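Participant: Dumping the structure here so I can ask a few things about it.
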Amino acid sequence: MSTAVLECADVEVAYGAVQAVRGVSLHIEPSEAVALLGANGAGKSSLISALVGLPLRGGGTVHLGARDVTRRASYRRVKAGLAVVPEGRRVTGTLSIEENLELGAFWSGKARRAETKKLVWEIFPHLYDRRAQAAGTLSGGEQQMLAIGRAIMSEPRVVLMDEPTMGLAPKIVGDVLEAIRNIMAERELSMLIAEQNAHAALAICTRGYLMKDGLIVHEGSSSELVSSGLLASMYLS
């Protein structure tokens, strides 16, 4: 019996005649961070969308633990323990920092929301200091941390991150990666991190999948992927 907290098999995604994801299978174990690597257009975001349950045309199966969520709506997958930090952050700019966090756990009771929010404030204390500020006035790095905090508010078992370092300055990339490490240690979460910045993702992941033209073309440990030369060949080909 599989021990994976998230597993998909033969996932396909199509946009009209364009096949963006072609029969992809992968798994994530408890408390494991896994990188999903590939150049722009490789199919990473389409796969993330399929895993989170957005209505795309395709096929395959998705399991959260022993639970088959293939036919479940996106919000039901979130309630079952799957959260997503989308590409481009997508915080609600007109709402305050605290209101954005509340959106991540709108179905939870007041006491439970307060407890989870306390953890988010501990991980991102500068967000707490500015909690009444409109999210749209934050820097890109601060919005990314808010988007991560919003995902944590749903108390997930698995977090899917789509390009979490995109558009960020190198120093801010380091801050975001450190925050991800702290969250994983604090909450014992599993993560799938889709990234073009392969070295950033592999710095916090133990294993990775290389994706090209909608297919998984290689799987291996982070150390193997860094030392093998596969990353360079994938991005340059």
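The values are calculated or read from the model by the stated rules, or taken from the named source; none is laboratory data. Only a predicted model underlies this, so the values are computations on that prediction, with no experimental measurement involved. Cβ coordinates were reconstructed from backbone atoms using ideal geometry, including for glycine residues, and neighbour counts include every protein chain displayed. For the accessible areas, the whole protein counts, side chains as well, though only heavy atoms, and no ligand, DNA or RNA atoms are used. Shrake-Rupley method; radii C 1.70, N 1.55, O 1.52, S 1.80 Å.
Participant: Rounded to whole Hz and in sequence order, give me ³J(HN,Hα) for the range 20-36 from the Karplus expression 6.51 cos²θ - 1.76 cosθ + 1.60, θ = phi - 60°, writing x for Gly and Pro.
Facilitator: 7, 10, 10, x, 7, 10, 7, 8, 10, 8, x, 6, 10, 9, 10, 8, 10
Participant: May I ask for the percentage of alpha-carbon pairs in the chain that lie more than 24 Å from each other? Don't skip to the answer; put the middle values down first.
Facilitator: Working: 12042 of 27966 pairs.
The calculated P(r) of the chain puts 43 percent of pairs beyond 24 Å.
Participant: Now for a different question. Once phi is turned into ³J(HN,Hα) by the Karplus curve 6.51 cos²θ - 1.76 cosθ + 1.60 with θ = phi - 60°, what whole-Hz value does each residue of the range 177-184 show in order, with x for glycine and proline?
Facilitator: In residue order, the calculated couplings are 5, 5, 5, 4, 4, 5, 5, 4 Hz.
Participant: In addition: How much length is gained on full extension from Ser139 to Asp68, taking 0.36 nm per residue of separation minus their Cα-Cα distance? List each step's numbers first, then the result.
Facilitator: Values: separation 71, 0.36 × 71 = 25.56 nm, distance 3.84 nm.
Additional length available on full extension: 21.7 nm.
Participant: Next question. If you put +1 on each Lys and Arg Cβ and -1 on each Asp and Glu Cβ, how big is the dipole of the range 78-237 around its Cα centre, in Debye rounded to 20? Can you show the working numbers first?
Facilitator: Values: 17 positive and 19 negative charges, 90 e Å.
Dipole about the Cα centre, nearest 20: 440 debye.
Participant: Then there's this: So how do Met184, Met211 rank on accessible area, 1.4 Å probe, biggest first, that is with the largest at the start? Can you show the working numbers first?
Facilitator: Working: Met184 35, Met211 0 Å².
Accessible-area ranking of Met184, Met211, largest first: Met184, Met211.
Participant: What net charge is computed for the residues neighbouring Glu102, neighbours being all others with C-beta under 15 Å from the C-beta of Glu102, Lys and Arg scored +1, Asp and Glu -1? Kindly include the intermediate steps, with their values, before the conclusion.
Facilitator: Working: positive: Lys110, Arg112, Arg113, Lys117, Lys118, Arg131, Arg150; negative: Glu98, Glu99, Glu115, Glu155.
Surrounding charge for Glu102 is +3.
Participant: Roughly how much of Leu192 is accessible, in Å² to the nearest 10, using a 1.4 Å probe?
Facilitator: Surface accessible to solvent at Leu192 totals approximately 0 Å².
Participant: With a 1.4 Å probe and all protein chains kept in place, how do Leu64, Leu168 rank by accessible area, largest first? Intermediate values should be presented prior to the final figure.
Facilitator: Details: Leu64 5, Leu168 30 Å².
So the residues, ranked largest to smallest area, are Leu168, Leu64.
Participant: Can you list the GluC sites (Glu not before Pro) in the range 127-204 that are in a DSSP coil and have 14 or fewer other beta carbons within 10 angstrom? Present the calculation step by step, with values, prior to reporting the outcome.
Facilitator: Working: sites: Glu142, Glu178, Glu186, Glu188, Glu195; in loops: Glu188.
Of the GluC sites (Glu not before Pro), the ones in loops of the range 127-204 whose Cβ has at most 14 other Cβ atoms within 10 Å are Glu188.
Participant: Taking a temperature of 20 °C and a viscosity of 1.002 mPa s, what whole-number D in µm²/s does Stokes-Einstein yield for the range 134-215 with Rh from Kirkwood over alpha carbon pairs? Each step should come with its number before you reach the end.
Facilitator: Values: Rh = 13.5 Å.
In µm²/s, the coefficient rounds to 159.
Participant: Right, something else. Please identify the longest segment of the chain free of exposed chymotrypsin sites (Phe, Trp or Tyr not before Pro), where exposed means a DSSP state other than H, G, I, E or B and no more than 12 other Cβ atoms within 10 Å. Provide the component values of the computation, followed by the final result.
Facilitator: Working: sites that count: Phe106, Trp107.
Between exposed loop sites, the widest span is 108-237.
Participant: Something else: Ignoring ligands, DNA and RNA, what accessible area per residue does the chain give at 1.4 Å, in Å²?
Facilitator: 46 Å²
Participant: About its Cα centre, how strong a charge dipole does the range 1-155 have in debye, to the nearest 20, once Lys and Arg get +1 and Asp and Glu get -1 at the Cβ? Mind showing how you got there, number by number?
Facilitator: Numbers: 19 positive and 15 negative charges, 95 e Å.
Using Cβ point charges on Lys, Arg, Asp and Glu, the range 1-155 gives about 460 debye.
Participant: What accessible surface, in Å², does a 1.4 Å probe find on Ile204, ignoring ligands, DNA and RNA and rounding to the nearest 10?
Facilitator: Rounded to the nearest 10, that gives 30 Å².
Participant: Under the rule of at least 5 residues apart or a separate chain, name every residue whose amide H is placed under 5 Å from the amide H of Met211.
Facilitator: Leu37, Gly38, Val217
Participant: Hey, another quick one. Please list, in order along the range 73-88, the HN-Hα scalar couplings obtained from phi with the Karplus expression 6.51 cos²θ - 1.76 cosθ + 1.60 (θ = phi - 60°), rounded to whole Hz, x for Gly and Pro.
Facilitator: Going residue by residue, I get 5, 4, 5, 6, 5, 4, 5, 7, x, 10, 10, 9, 10, x, 4, x Hz, with x marking Gly and Pro.
Participant: Could I ask something else about it? Looking at the chain, what % of its DSSP beta bridges pair antiparallel, to the nearest 5?
Facilitator: Working: 23 of 41 bridges.
Just about 55 percent of them are antiparallel.
Participant: A follow-up question, please. Kindly state, to the nearest 0.05, the FRET efficiency for Tyr128 paired with Met166, given R0 = 22 Å and r defined as their beta-carbon distance. Show your work: numbers first, answer last.
Facilitator: Working: r = 25 Å, r/R0 = 1.15.
Once the sixth-power term is evaluated, E becomes 0.30.
Participant: How much solvent-accessible surface does His63 expose, in Å² to the nearest 10, with a 1.4 Å probe and all protein chains in place?
Facilitator: Near enough 60 Å² of accessible area.
Participant: Between Asp10 and Phe106, what FRET efficiency comes out of the Förster formula 1/(1 + (r/R0)^6) with R0 = 45 Å and r the beta carbon distance, rounded to 0.05?
Facilitator: Numbers: r = 33 Å, r/R0 = 0.74.
In this case the efficiency is close to 0.85.
Participant: Let me ask another. If DNA, RNA and ligands are ignored and the probe is 1.4 Å, what is the ranking of Lys171, Lys212, Lys117 by accessible area, most exposed first? Show your work: numbers first, answer last.
Facilitator: Values: Lys171 145, Lys212 75, Lys117 20 Å².
If we order Lys171, Lys212, Lys117 from most to least accessible, we get Lys171, Lys212, Lys117.
Participant: Distance from the Cα centre of the range 34-63 to that of the range 100-149, in angstrom?
Facilitator: First find each Cα centre; the distance between them is then 26 Å.
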